[in-house]
1. Count, please, the residues in segment B:270-296 that happen to be free of Cβ contacts under 8 Å to residues at least 12 places away in the same chain and either in contact with a Leu (Cβ under 9 Å, 6 or more places away or on another chain) or not acidic (Asp, Glu) (or both).
2. Out of the residues in segment A:30-44 that are outside any loop (DSSP other than H, G, I, E, B) and of a type outside the set (Val, Ile, Thr), which is surrounded by the most Cβ atoms within 10 Å (Cβ to Cβ)?
3. Out of (1) within 10 Å of chain A (Cβ to nearest Cβ); (2) within 13 Å of the chain's Cα centre (by Cα), the odd one out for residue B:79 is which?
4. Which members of segment B:362-390 meet the condition of being at pLDDT 95 or above, surrounded by 23 or more Cβ atoms within 10 Å (Cβ to Cβ) and of a type in the set (Ser, Thr, Tyr)?
5. Would you tally the residues in segment A:88-101 being surrounded by 14 or more Cβ atoms within 10 Å (Cβ to Cβ) and facing chain B (nearest Cβ under 7 Å)?
6. Given (1) in a strand (DSSP E or B); (2) facing another protein chain (nearest Cβ under 8 Å); (3) surrounded by fewer than 18 Cβ atoms within 10 Å (Cβ to Cβ); (4) not polar (S, T, N, Q), where does residue B:133 come up short, assuming only one miss?
7. For the list (1) in contact with a Leu (Cβ under 9 Å, 6 or more places away or on another chain); (2) at pLDDT 85 or above; (3) surrounded by fewer than 18 Cβ atoms within 10 Å (Cβ to Cβ); (4) in a loop (DSSP other than H, G, I, E, B), I need the number of the one condition that residue B:66 fails.
Amino acid sequence: MRVAVVLLALALAAAACGNRDQGAARPDAPARFGFGRAATAEEIAAWNIDVMPDGAGLPPGSGTAAQGLAIYARKCAACHGRTGTEGPFDRLVGREPRSGFPFGRDPRFVKTLGNYWPYATTLYDYVNRAMPLDAPGSLTPDEVYRLVAFLLWRNEIVTDTAVMNAQTLPRVVMPAHDRFVIDNRRGGPEVR
Amino acid sequence: MADVSISRRALLASAASAVGAHALWRVGHAQVPAQAPHTIVPPDPTKVPGAPLSELGRRSPFERPRRIPVGSAQGSSLAPLQDLYGIVTPADLHFERHHAGVPAIDPGRYKLLIHGMVERPTVFDLEALKRFPSVSHLYFLECSGNGGSSYRNIRPDLTPQLIDGLTSTSEWTGVPLATLFREVGVKPGAKWLLAEGADAAVMARSIPMDKAAEDALIAYGQNGEALRPEQGYPARLLLPGWEGNANVKWIRRIEIADRPFMTREETSKYTDPLPDGTARMFSFAMDAKSIITFPAYPVILPERGWFEISGIAWSGRGRISRVDVSTDAGRRWTPAELQSPVLPKCHTRFRCLWRWDGRETTLLSRATDETGYVQPTLEQLRSARGLGTSYHFNHIRAWRVRGDGTVMFGLEG
């Protein structure tokens, strides 16, 4: 009897909390359904393109700013401008203001790689996955490294002879690296 | 292409559609819809047989609700909030935001790969996803940039659509992400998942694993039918209450890890620069918000007398607990009636009767959610976030009613 009451209480609690909908398994569900099939190593490799701040995911290859200049002019300048500042799409180059991080206070400052991006590896990841707009995913690792080197050089973050590769890129410290904080909004009465 | 400002033409189109599709009397004088319907209407419909059955329904030719596209493949389109009743957004009017257009995906060749810190890296085709136990829930989905047009250079000729059209509510059907994670066996220490789409931007976001345990879905159904291509056909991630961008559409890969991936969309975009010289990242939850959708620009009140003020409120943190409305620029506030059901992380329709005395005034709505969060004033939000901040614009919206019955968007008070 007591067991039945406890079970009923549990069932009611589960129903009241919408337990099943909150991600918990149905009480009658098996540990596994066995749907889907094992992914092959080739399938994973073909799609696993992300690059993390510690360099995980960076492929072999390398490039310098000097090598990136010609690729930039051919494949990027039409959208981002001859020097990376003219647009019409996102402005890529710029360190202004040289000190401070006034973007919250002042909408006049344009965010660029040089003044806002916290990780150099993100640049590799994004150019590789999404650029150029009319031929996404078409660049070779060497081309991406060269473009990354060129853009970091244009933003005065590396020298024009610096070689960017899987070892050096994660060590590049971006100017805005220390500016980012985790969301501290929690609901409740305070406006943050 | 890069022009993301709202063009005069788009604005006029919106005004025309609002005038054409909504009750004509509300603009105070007879006005012909921008494009008159071609349907021949008999003088007396009871004296002629009606139209035959059909395989697919259509709207009345007299109703022309339209999204307003801003930009092209990389832009967004805004839902016509002022033309909608209740809380559900028709799927073909659901707002859009794409980073590289809408991909064409053959559901027969669709695959979702889950790998990384899992016991069994697995590929699910659409049929496999649909075999799992499913759930259906009404949730709002909102772009975190929604409301940006009302934050800085405020213009009086903004419609609800142009202010807050990047929010929509649908009934979403799918499989809880937690079910899929039990299937693949998540390894200890897993903290983040990367969700990646099959669009030309291969759009990707890092999501905390806790959200999967809470209420995340892989959704394949929207308002009773398959997802629309613009909403992620054939399957998308749905993170109830969280900023639209993280709800990755056309999802093809989930990688589980012990740390975030720091993609472009969670570093250089979708972060909130603050007045103290920092930028907030992973600001997923959409705070409580409301907007009056009637009366609102370009409506003209035809005469003094009774009107029903109506609008929507929503919170990414749970249920709306109350909406207060002021018809005197914020001096007095009255609780609005909330239409049941009031669902968590879902649009809630509020209504309130108002007798306009013909005098100039300002209408305001203020939402409170079940965490006790109160929709802030523009001043409060600017003080907390700064004038330059980029997302999460949930301040109180104000409508100025003039003596001649015109209603314009405006500042509070």
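1. Within segment B:270-296, residues that are free of Cβ contacts under 8 Å to residues at least 12 places away in the same chain and either in contact with a Leu (Cβ under 9 Å, 6 or more places away or on another chain) or not acidic (Asp, Glu) (or both) number 4.
2. The residue in question is A:43.
3. (1)
4. Matches in segment B:362-390: B:365, B:373.
5. 2
6. (1)
7. (3)
For (1) in a loop (DSSP other than H, G, I, E, B); (2) under 19 Å from residue A:139 (Cβ atoms); (3) under 19 Å from the mean Cα position of the chain (by Cα); (4) more than 10 Å from chain B (Cβ to nearest Cβ), each residue gets a yes or a no:
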site: A:46; (1), (2), (3), (4): no, yes, yes, no
site: A:54; (1), (2), (3), (4): yes, no, yes, no
site: A:58; (1), (2), (3), (4): yes, yes, yes, yes
site: A:86; (1), (2), (3), (4): yes, no, no, yes
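The values are calculated or read from the model by the stated rules, or taken from the named source; none is laboratory data. If you're wondering where the values come from, they're calculated on a predicted model, not measured in any experiment. When we count neighbours, we look across all protein chains shown, and the Cβ atoms used for this are built from the backbone with ideal geometry, even at glycine.
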